[in-house]
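Structure first, commentary second.
What follows draws every value from the coordinates through simple rules; no lab data is involved. Every value quoted in this text rests on a predicted model; they were computed, and no experiment measured them. Methodologically, a virtual Cβ is constructed for each residue, glycine included, from the backbone with ideal geometry; neighbour enumeration extends over all protein chains shown.
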């Protein structure tokens, strides 16, 4: 059956031409409609149309494109294949290493362990005086702190090497890095600079309590990271991405969801799993069912090898409803589309990702839509 054309953008003629060039450079056929044939430059509302089968790839390019630059930013020829694993030497660290190694083995990549430490001797502002005293006691304590974290990293790497030698983990190249500063800031700074393939983190760090602590490291990284984040709780039953069989993908029928879904499919390429398309709502609008059925059909046409199902979860307590669905369908991972939100939104209206972190025992895979 011949692909039908869909409109992906409506622009002025100049911008439509720029976007057409961008998409065609990636092998996507583009058709411009509503162009003034006599004076094209004054055309307004030019429709940029493509084949429906090219929609996921086109949406990803459009999301990353900025018109305020002279020309679109060129991406690197090769995608970085590093899995970044922030470690605090808690029991999460080894499980994170196992998960990261399984993904690195699948994509032919490598792993970076990143440990962040905080130096209490330089906290706060410097005193306004003629001199600054730094006694030998503080100096010795700082040396001991640095030695301790290096010893902990050595223990982790020894354990990893032992499991590799026993065949319990694939033989993957890995390196260890140390950074001083606030953990979430250092993780995000390192991630922005080196652009890893994804981050693998535990949902509770060492010493955290079983309560909703807004602003924990993982929650803050999820809110602000531009690369995929896989966050898992303590009792996650699997140590490898190959063991994931059922994924719940939460959708709001948004264009970002199509981009995020395409990213997820690429990251998990080669794995065999079933996807449940889930929409959460506190209303009784039957249109939700129609939309969800339509988006399921879209995914069926574009990802024919992927088994999928769909569900609308309604009620006043959506998290409890979602947790019941997870239990009944044996969901291994919940995939969410993250959206950039300002600090006030994060403080007074925590995202679904935040709620899942603190009120669910299911791993979450957060993608920037």
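Note on residue 51 and residue 147: the extension gain reaches 28.7 nm, defined as 0.36 nm multiplied by sequence separation minus the Cα-Cα distance.
Based on alpha-carbon centroids, what's the gap between region 141-165 and region 248-263 in Å, whole number please? If you average the Cα positions of each part, the centres end up 40 Å apart. Length available on full extension from residue 182 to residue 18: 0.36 nm per residue minus the Cα-Cα distance, which gives 54.9 nm.
Want the number for residue 140 to residue 243: 0.36 nm per residue separation, take away the alpha-carbon distance, what's left?
Details: separation 103, 0.36 × 103 = 37.08 nm, distance 4.65 nm.
So the extension gain works out to 32.4 nm.
Note on residue 318 and residue 10: with the Förster distance fixed at 30 Å, the Cβ-Cβ geometry gives a FRET efficiency of about 0.30.
Using R₀ = 30 Å, calculate the FRET efficiency as 1/(1 + (r/R₀)^6) where r is the Cβ-Cβ separation of residue 309 and residue 285; round to 0.05.
Details: r = 20 Å, r/R0 = 0.68.
Efficiency at R0 = 30 Å is approximately 0.90.
For region 238-278, the direction-averaged projected area of the alpha-carbon convex hull comes to 3.0 nm².
Using the Cβ-Cβ distance between residue 266 and residue 168 with R0 = 25 Å, the FRET efficiency computed as 1/(1 + (r/R0)^6) comes to roughly 0.35.
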